[in-house]
1. In the structure shown, do any of K117/K358; K117/K185; K90/K335 have a Cα-Cα gap over 26 Å, and if so which?
2. For K323 and E299, compute 0.36 nm times the residue count separating them, minus their Cα-Cα distance, and round to one decimal in nm.
3. What FRET efficiency comes out for the pair C251/E351, r = Cβ-Cβ distance, R0 = 51 Å, nearest 0.05?
4. When V395, V288 are ordered from fewest to most other Cβ atoms inside 10 Å of their Cβ, what list results?
5. In nm, to one decimal, how far is the modelled label at D114 from the one at S127, with both set 7 Å along Cα→Cβ?
6. Taking the stretch 120-187, which GluC sites (Glu not before Pro) meet the DSSP loop condition and have no more than 15 other C-beta atoms within 10 Å?
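Values in this text are rule-based calculations from the coordinates and carry no lab data. A quick note: this is a predicted structure, and the numbers were derived from the prediction, not measured. Cβ placement follows ideal geometry from the backbone for every residue including glycine, while neighbour counts extend to all protein chains displayed.
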Amino acid sequence: MIEFFEGVGSSIGIAFFRKKMEEEKKQMQSQLLHSSKLAAMGTMVAGVAHEINNPLTIIMGNLGILEVLCENVCHKDAAQIRKQILGATKRISNIVNNLKVFSRQDANCLENIDAHKTIEETVNCVSRIYATTHITLETCLLANNFFIKAENEKIQQVLMNILSNAKDALIGSTQGCIKIITTNKDESLLIEIKDNGQGIPKEILPKIFDPFFTTKDPGSGTGLGLSICHSIINSFGGTISVESSLGDGSCFKIALPVLSNNNLLAITNKETYQKTGQLVLTGKVLIVDDEISIRHLLEMILSLIGLQVFEAQDGLEAYARIKEETFDFIITDMKMPKMNGDRLMEKVKNENLAPQSKFILITGCNSGDLSVDQNELLRKNATICLQKPFNMQEVLDVFKQLTIH
C-alpha cells in the first residue's frame, strides 16, 4: 500500500515538473519573439531616424541663416515665427534622438560621459509625458564629480527603465513625484531615484533583479528591464540596489566609479573654448555631401565667416579634387553613394594627400550605430564630428574648436 502511494506521488511530481517546464518553455519562446520584434523595430527606427535627420538639418540650418539675413529688415513678428519653427524642429530632433537610443547595437565602446547631462537629457525626454499623468520629475544634482566611464546610451536605458517603473507605481496618484539626486560617496557617483508611490512588498524585493520576474499583467511587461539594468551597471564596475516598503515609496541607488582628477582636467581642457566674439576665418573648405540642400546650407554658413567654399557630391569626386588641390578643411557626410565619408578619410590619410587638412565628419550616427572597425577609423582620421541635425550655431562652434587646437 505504501509503495502504491509512493508511486502515485512520484507520478504526480513528474507531471507537475513537466507542466512547469512546459510553462517556462512557453515563456522563453514568448520572450524570444518579443526580443525579435524589438530588434526589427530598432532596425526600422534607425532607418527612419536617418531619413528624418537630413530635412531637419536643412530646416534648422536655414533658419539660422534667415535670422542673419533678416536682421533689422523683417516684420516684427518674423523673429517670433522663426523661434516657434526652431522650437518645433528641436522637439522633433529630440524625439528622433531618443528613438535612436533604443535602436543601437552595442559597440562595447566606453567613453567619458557627463552623468549630470545624461540625467537632464533623460528627464527632458519624459517630463512632458509624465506631467500628463500628474507626475512631476525633480532633479537635485549635488555631486561635485559627475564624470564616469560608461556608455551614454546604456546609462540612459537604465534611467528610463527605473523612471518607467516609478511611473507605474504612481498610477492613480494626483501628486506623484519622482526625484533624482546625485552625491559623491568615496570614489563613486551615487544616483538615487526616489518615488512616493505604493512601495514594493518585502517578499518581492529580493526577486526584482531576477530575469523574467514581473508583477505586471501578461503582455504589460517582460520581466527583463531591471535584470538588464543590473547587468549594465555591473559591467561599468558599479552597483545597483533598492530600498522600499509598502506605502513609503521606493528608492533605487546606483553607485558608479568617478574619473580621477587628471582625467577630469583633460576633459575640461578639451571641451573649453572661446565662445565670444565674431568668428572670421580664411582658407578653403571642401564640402562633401550627396544632399544638395545640405551642401548649399553649409556653403552659405561658411561663406558668411570668410571661407572659400568648394563642393563634391560623393566621396569619389572629393577624392579626385583632394588629389588636385589643397584644402584647409574637409567637411564630409558619413553615408554617401560611391564612397562613404569614413572610407574617404581613410584613403586620403593612408596616401598622405592632405596632411594639413582638418576633417569634420557629419553624421546622424552615434558610436553605438557603427561597427568597432568604423569607430576606430573615425577616431584615427576625423578631427571632429558634427551631429545631425545641426543648426548654424553648432557649425560655427565646431569651427571655433578647430581654430584653437
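1. In this structure, K117/K358 lie more than 26 Å apart at Cα.
2. Numbers: separation 24, 0.36 × 24 = 8.64 nm, distance 2.15 nm.
Extra length from K323 to E299 when fully extended: 6.5 nm.
3. Values: r = 58 Å, r/R0 = 1.13.
Approximately 0.30, to the nearest 0.05.
4. Ordered by Cβ neighbours within 10 Å, fewest first: V395, V288.
5. In this crude label model, D114 to S127 measures out at 1.6 nm.
6. Numbers: sites: E120, E121, E138, E151, E153, E187; in loops: E151, E187.
Loop-located and lightly packed - E187.
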